[in-house]
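The values are calculated or read from the model by the stated rules, or taken from the named source; none is laboratory data. Computed from a predicted model, the values in this text were never measured in an experiment. Neighbour counts run over all protein chains shown; Cβ positions are idealised from the backbone, glycine included.
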């Protein structure tokens with residue numbers, strides 16, 4: 001009886017939690033097909049806002065810029081985070097390791113307003129000193145996003161690297177493999193789920209950022225969150241619901257694909273099939 005009560009409580013908590021997270025998204029998707037210009041008044045089913053969305057070149061340009069920046073940010077953050085994780089986990093003790101380990105999570109707790117302001121001052125000082133970067137735009141937004149996304153990636157990969165059985169890598173080197181080959185043949189496949197999770201997190205953080213991008217952006221470099229925020233201040237347009245629905249569909253597809261790939265790797269690992 002006690003186990004049954006615990007099961008009911010757990011299921012109820014799960015339903016409430018998922019409902020709290022996803023019901024607002026479901027409502028947003030439903031109202032993206034609303035015929036009325038008023039987003040809170042249902043006036044029948046229509047797809048006209050999707051048609052108008054693809055005719056709004058400014059909104060599409062902002063979305064495309066955000067997607068490009070998010071993709072490049074996720075890739076560079078993964079590289080930087082991997083190097084930082086290897087330094088923390090595999091290099092042993094070195095001078096300044098404690099300071100380095102303490103500075104890595106600093107962007108996680110630093111208010112975004114301070115991070116954006118400090119990066120703005122840095123870019124202005126660099127431009128005055130040696131003329132780079134030449135103004136603020138996509139490049140400065142990308143650098144800023146890599147700066148704070150790398151911290152998240154490093155935390156994820158460091159925790160995963162600490163859990164790896166080092167005997168597997170040592171066995172590979174005993175068989176004649178170089179450390180670089182061991183890293184790409186043994187270590188990378190083992191931490192691939194963590195790599196996918198870190199990449200998706202960095203992509204999402206970059207795509208979602210508004211505060212830092214507002215500080216380091218310039219004319220002609222408006223990201224999607226900045227465009228949406230400026231549009232919402234003048235009144236919510238149903239086109240925003242349509243755009244959000246498309247992004248939700250793409251992100252859901254990416255998450256499901258990543259989960260399917262990871263599940264396949266785990267099944268192969270359980271059955272002992274070489275990957």
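Odds and ends about this structure:
- For the range 232-256, taking the residues that are part of a helix (DSSP H, G or I), more than 19 Å from the chain's Cα centre (by Cα) and free of Cβ contacts under 8 Å to residues at least 40 places away in the same chain, the one that is nearest to residue 75 (Cα to Cα) is identified as 240.
- Hey, residue 259 within 18 Å of residue 69 (Cβ to Cβ) and either without any contact (Cβ under 8 Å) to a residue 12 or more places away in the chain or assigned to a loop (DSSP other than H, G, I, E, B) (or both) or not: no
- Filter result (in a helix (DSSP H, G or I), touching a helix residue (DSSP H, G or I) at 6+ places or on another chain (Cβ under 6 Å) and within 30 Å of residue 212 (Cβ to Cβ)) within the range 163-196: 193, 194, 196
- Scanning the range 217-230 for residues that are part of a helix (DSSP H, G or I) and touching a residue at least 12 places away in the same chain (Cβ under 8 Å) yields 224, 225, 226, 227, 228, 229.
- Of the helices (runs of 4 or more DSSP H) that lie entirely inside the range 39-158, those containing 3 or more residues that are surrounded by 12 or more Cβ atoms within 10 Å (Cβ to Cβ) and in contact (Cβ under 8 Å) with a residue 60 or more places away in the chain span 48-53, 57-89, 112-130.
- Within the option set 224, 210, 250, 234, being under 30 Å from residue 37 (Cα atoms), at pLDDT 90 or above and surrounded by fewer than 16 Cβ atoms within 10 Å (Cβ to Cβ) holds for one residue only, 210.
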